[in-house]
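Written out below as structure tokens is the structure these notes cover.
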Amino acid sequence: MNSPVTLSRHGDIALLRIDNPPVNALSPGVVAGLVAAIDAFEADASYKALLLHGEGRTFVAGGDISSFDLPDFTTQPFNGTLARIEALGRPVVAALHGTVLGGGLELALACHWRVAHPKTQLGLPEVKLGILPGSLGTQRLPRVVGAELALDLIASGRSIGAAEARELGLVDELSDAAPLQAGIAFTEALLARGAGPRRISERMVATESLAPDFFERALADAARRKPFHPSARNIVRAVQASLLPFAEGEAAEARLFEELRVSPESKAMRHLFFAERLASKIPGLPRDTTLRPVRSVGVLGAGTMGGGIAMNFANAGIPTVLVETSQAALDRGLGIIRANYEASAAKGRLTTEQVEARMALLRGSLDDAALADCDLVIEAVFENMDLKKQVCARLGAVCKPGAIIATNTSTLDVDVLAEATGRPADVVGMHFFSPANVMRLLEVVRGAKTAPEVLATVMQLARTIGKVAVVSGVCYGFIGNRMAEVYMREAEFLMMEGASPAQIDGAVEALGMAMGPCRMLDMAGIDVGAKTVIEYGKAGGLPPDDSYRAVVRKMFELGRFGQKTGAGYYRYDGRKPVDDPETARIAAELAAQHGIARRDDIPPQEIVERLLYPLINEGARILEEGIAYRPGDIDMVWVAGYGFPDHRGGPVHMADAIGLPQIAGRLAHYANTRGNPHGYWSISPLLASLAAQGKRLSDWQAA
Ligand code: 3H9
């Protein structure tokens, strides 16, 4: 097999080319190729310099993440090669372009000189994988930019542009030329002026401006802000070790890296890296499916959802029209959008010009006819089947042929809505999550008749607007809300049995959930949640059980709509939720009404199991019914849409970590101890069978 690394000659310069598509990741083959190339370079004294460059769209985007799980994985061969590169007695230049990330930047830092295309992005994003730069990034970067900035860059994982890198001395020169040409010109100029090797490892980290307790405070800060991510703490320790002699820092980094590589947190986050990329691939849909152009978007409904949805497109530079039924509603919707943008500007995230440019892309109308020219129209009216059917029928008539019609329903039957348009092939579900301009998840609901190019177009568009798109089949609540339904069911039963919202939320927040179920629904709106339950009841979906979601229905009746009305499950002191005796009273009253026994000592472990195990069980049903294509899609939905902790890798990954026999055993336990009314605790056949075979849910594949 051809090596992904080749060495060729250009006059006196040895050209080392890395060609490992798609991103030139440092696979074992690339590392072996680097070793062979360095051997060849060392053996040929006629070369005056070595120039490294990457073929294709980028230099090197990092270590090969898929190799980190190999049983014999070690950074040693690569790190040893970096030491050899840096030690070479003739100048070594890296010509950078694309995304110079992780091990790619570490490779560049081992070279003596760096020239970059102005569009190059440079960074050490390992923290996003729950690890730290393991090939001397934590040691060389502080020697160039100082410990403070190095810690900021490594701990955040953010990239910087080439111009900033040039100012910081990370890059020596910028060049618009193609990377190889830029590298050759730079190296020839170096040789002409007789410049030789320069080694970062021989420098000292500047410490003059560093506060004496800098690392102590940084460590405390990491522990407080990222309690679930050991990488945050190890990164501080590794950067601190850069103050030691290089070899000692190197040893510290290697130990801290290895600790993280084998940690469950990093495994979970690496799983999510690949799950996110896999989610965009749709079985049976060829990559080259023709896309429909989307140059303009219409959004019907300028409420919280509609406004947030419109912002996504304005942010991506796509002109968007918002249609409402009254001028007041339209003014209000556009006013909220402007206020959101201005809040971002006040925080320095947008300039005033950007605010105005985005607002200029948005226009309002009271007339459906304004939607006639749009390539994509998304309806975002209230979650009510009759209303949505009427709206879909109107859109079917008004939208131009070839336009895509999307519904933002969060639970309703997309096939019914698709038929209502009279052109079901053009219809798809685009379920945004609130706040729609912030949350990364987009559930794309594939109807029975959705045309392949409609699906492919929407998946591509999701990328354009920065969303993680996951395809779901049609069912009540799709992937996310269907699972959330059983989670909320148990939250409410626990409340009626005597647990407070703070106890319920606290139990799962202690695992790292961004927000427990009660705070989540209070924020999304109790009214929204209750109407969904009521609609589901009308459609015949609810179990014949009056105690089912009795709390949310009662709260709705009482006008306790959550944060927006100052009270829901909690009472609100500004935005701060506080336990409300009124909730306890309502829960106790409902318990008495429905004959539910009360306890005042429900342990956190029971709360966790009763919230999460039914949710996992429902996930298994979703897989066996083919609603989700793969287990990782479920994990992405929960991490990107519901604040499920990334260090647990999503509910499916977490279930496998706990062990399916344990989950199945506890579901059976609750069925025995609580009775199994309406099949609440019945185990999904898939979960039961995988548990019995000692298999994992993650390994499951549709037949
Ligand atoms: C590291 O470097 C540790 C070191 O400190 C120590 C050890 C040396 N490995 O995202 P895309 C695949 S840790 C393996 O869709 P884009 C990806 O799965 C690493 N595979 O493209 C996908 O495959 P497929 C530090 C990788 O243009 C394809 O490439 N580096 C890797 O939207 C295209 O990816 C990072 O964390 C990899 N490192 O974005 C950078 N990277 O076609 C991670 C990509 O089969 N990568 N693939 O689905 C990224 O952030 C983005 O991929 C990048 C391109 C910005 C580069």
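The values are calculated or read from the model by the stated rules, or taken from the named source; none is laboratory data. Note that the coordinates shown come from a computational prediction; the quantities given were computed from them, not determined experimentally. FYI the Cβ positions are ideal-geometry reconstructions off the backbone, even for glycines, and counts take in every protein chain you see.
Mind checking which pairs have a first residue in the stretch 64-86 that is of a type outside the set (V, I, T) and a second that is near the ligand (Cβ under 10 Å from one of its atoms) and in a helix (DSSP H, G or I), Cβ under 7 Å, 6 or more apart or different chains?
Final answer for the pair search is F68/R261; F68/R270; F73/S67; P77/V31; F78/V31; F78/G103; L82/E106; L82/L107.
Among the helices (runs of 4 or more DSSP H) confined wholly to the stretch 490-582, which include 2 or more residues that are over 25 Å from A597 (Cβ atoms)?
Passing ranges, in order: 517-524, 526-538.
Do we have any residue at all in the stretch 263-271 that's outside any helix (DSSP H, G or I), crowded, with 16+ Cβ neighbours inside 10 Å and within 16 Å of the ligand (Cβ to nearest atom)?
The answer is yes, given that some residue of the stretch 263-271 is outside any helix (DSSP H, G or I), crowded, with 16+ Cβ neighbours inside 10 Å and within 16 Å of the ligand (Cβ to nearest atom).
Against the definition (more than 10 Å from the ligand (Cβ to nearest atom) and in contact (Cβ under 8 Å) with a residue 12 or more places away in the chain), how does A45 come out, yes or no?
no
Is there any pair linking a residue in the stretch 100-117 that is touching a residue at least 60 places away in the same chain (Cβ under 8 Å) and closer than 19 Å to Q76 by Cβ to one that is within 12 Å of the ligand (Cβ to nearest atom) and of a type in the set (V, I, T), with Cβ under 8 Å and at least six apart or on different chains, and which?
Partner pairs satisfying both residue conditions: G103/V60; G104/T58; G104/V60; L107/V60.
How many residues does the stretch 18-31 hold that are in contact with a helix residue (DSSP H, G or I) (Cβ under 8 Å, 6 or more places away or on another chain) and either aromatic (F, W, Y) or surrounded by 15 or more Cβ atoms within 10 Å (Cβ to Cβ) (or both)?
The number of residues fulfilling the criteria is 7.
Given (1) of a type in the set (K, R); (2) over 25 Å from A87 (Cα atoms); (3) in contact with a strand residue (DSSP E or B) (Cβ under 7 Å, 6 or more places away or on another chain), where does R166 come up short, assuming only one miss?
Going through (1) of a type in the set (K, R); (2) over 25 Å from A87 (Cα atoms); (3) in contact with a strand residue (DSSP E or B) (Cβ under 7 Å, 6 or more places away or on another chain) one by one, R166 breaks only (2).
Restrict the check to the stretch 627-638 and report whether at least one residue is free of Cβ contacts under 8 Å to residues at least 12 places away in the same chain and either crowded, with 22+ Cβ neighbours inside 10 Å or β-branched (V, I, T) (or both).
no
How many residues are closer than 14 Å to F432 by Cβ and touching a strand residue (DSSP E or B) at 6+ places or on another chain (Cβ under 6 Å) when one looks only at the stretch 315-350?
Number of matching residues: 1.
Does E259 count as acidic (D, E), within 13 Å of the ligand (Cβ to nearest atom), closer than 30 Å to M654 by Cα and modelled with pLDDT of 95 or more?
no
Tell me which residues, restricted to the stretch 65-76, are near the ligand (Cβ under 6 Å from one of its atoms) and of a type in the set (S, T, Y).
Once the filter is applied, which keeps residues that are near the ligand (Cβ under 6 Å from one of its atoms) and of a type in the set (S, T, Y), the stretch 65-76 yields S66, T75.
Hey, does the stretch 545-557 have a residue that's modelled with pLDDT under 95 and closer than 28 Å to S682 by Cβ?
Yes, the stretch 545-557 contains a residue that is modelled with pLDDT under 95 and closer than 28 Å to S682 by Cβ.
Looking only at the stretch 112-122, which residues are buried (at least 24 other Cβ atoms within 10 Å of the Cβ) and either within 13 Å of the ligand (Cβ to nearest atom) or closer than 19 Å to S201 by Cβ (or both)?
Of everything in the stretch 112-122, those that are buried (at least 24 other Cβ atoms within 10 Å of the Cβ) and either within 13 Å of the ligand (Cβ to nearest atom) or closer than 19 Å to S201 by Cβ (or both) turn out to be R114, T120, L122.
So if I check each of F68, F59, which one is in contact with a Ser or Thr (Cβ under 9 Å, 6 or more places away or on another chain), closer than 30 Å to S266 by Cβ and either surrounded by fewer than 23 Cβ atoms within 10 Å (Cβ to Cβ) or of a type in the set (D, E, K, R) (or both)?
Only one candidate passes the filter, namely F68.
Pairs under 8 Å by beta carbon, first residue free of Cβ contacts under 8 Å to residues at least 24 places away in the same chain and within 26 Å of P71 (Cβ to Cβ) in the stretch 16-30, partner within 12 Å of the ligand (Cβ to nearest atom) and small (G, A, S), six or more apart or different chains?
N20/S27
Out of the residues in the stretch 83-97 that are part of a helix (DSSP H, G or I) and either under 23 Å from S175 (Cβ atoms) or touching a Lys or Arg at 6+ places or on another chain (Cβ under 9 Å) (or both), which is nearest to the ligand (Cβ to nearest atom)?
I85
Determine, yes or no, whether E148 is at pLDDT 95 or above, in contact with a Leu (Cβ under 8 Å, 6 or more places away or on another chain) and of a type in the set (D, E, K, R).
Yes: the conditions hold for E148.
With of a type in the set (A, V, I, L, M), surrounded by fewer than 21 Cβ atoms within 10 Å (Cβ to Cβ) and within 30 Å of R585 (Cβ to Cβ) as the only criterion, which of A510, A456 stands out?
Residue meeting the stated conditions: A510.
How many residues does the stretch 401-422 contain that are in a loop (DSSP other than H, G, I, E, B) and either touching a residue at least 60 places away in the same chain (Cβ under 8 Å) or in contact with a Leu (Cβ under 9 Å, 6 or more places away or on another chain) (or both)?
Count: 8.
Being crowded, with 17+ Cβ neighbours inside 10 Å and under 28 Å from R423 (Cα atoms), is that true of even one residue in the stretch 346-365?
There is at least one residue in the stretch 346-365 that is crowded, with 17+ Cβ neighbours inside 10 Å and under 28 Å from R423 (Cα atoms).
Checking the condition of a type outside the set (D, E) and more than 25 Å from the chain's Cα centre (by Cα), which residue from A275, A211, A223, A279 passes?
Step by step, each of A275, A211, A223, A279 is checked, and only A211 is of a type outside the set (D, E) and more than 25 Å from the chain's Cα centre (by Cα).
Assess whether S159 counts as being crowded, with 18+ Cβ neighbours inside 10 Å and more than 24 Å from L243 (Cβ to Cβ).
Criteria met by S159.
Pairs please, first residue from the stretch 525-543 and closer than 21 Å to G679 by Cβ, second anywhere and in a loop (DSSP other than H, G, I, E, B) and not basic (K, R), Cβ atoms under 7 Å, 6+ apart in sequence or on different chains.
Pairs that qualify, where the first residue is closer than 21 Å to G679 by Cβ and the partner is in a loop (DSSP other than H, G, I, E, B) and not basic (K, R), are T532/E383; T532/S410; T532/T411; Y536/T411; Y536/Y476; Y536/L542; G541/Y476; L542/Y548.
Within the group G54, G104, G62, which residue is more than 27 Å from A252 (Cα to Cα), under 29 Å from the mean Cα position of the chain (by Cα) and within 16 Å of the ligand (Cβ to nearest atom)?
After ruling out the rest, the residue left standing is G54.
Applying the selection to the stretch 439-460, what residues are in a helix (DSSP H, G or I), under 26 Å from A314 (Cβ atoms) and more than 15 Å from the ligand (Cβ to nearest atom)?
Across the stretch 439-460, the qualifying residues are E453, V454, L455, A456, T457, V458.
Taking only pairs six or more apart or across chains, which ones have beta-carbon atoms under 9 Å, a first residue in the stretch 267-282 that is over 19 Å from P452 (Cα atoms), and a second residue that is within 12 Å of the ligand (Cβ to nearest atom) and β-branched (V, I, T)?
M269/I131; R270/I65; R270/I131; F273/I65; F274/I65; E276/V468
Would you mind telling me which numbered condition in (1) part of a helix (DSSP H, G or I); (2) over 30 Å from R363 (Cβ atoms) G307 fails?
Result: G307 passes all but (2).
In the stretch 134-143, what count of residues is obtained for those that are within 16 Å of the ligand (Cβ to nearest atom) and in a helix (DSSP H, G or I)?
Selection size over the stretch 134-143: 6.
Quick one: in the stretch 499-544, of everything that is at pLDDT below 95 and acidic (D, E), which residue is farthest from M488 (Cα to Cα)?
Restricting to residues being at pLDDT below 95 and acidic (D, E), the top hit is E535.
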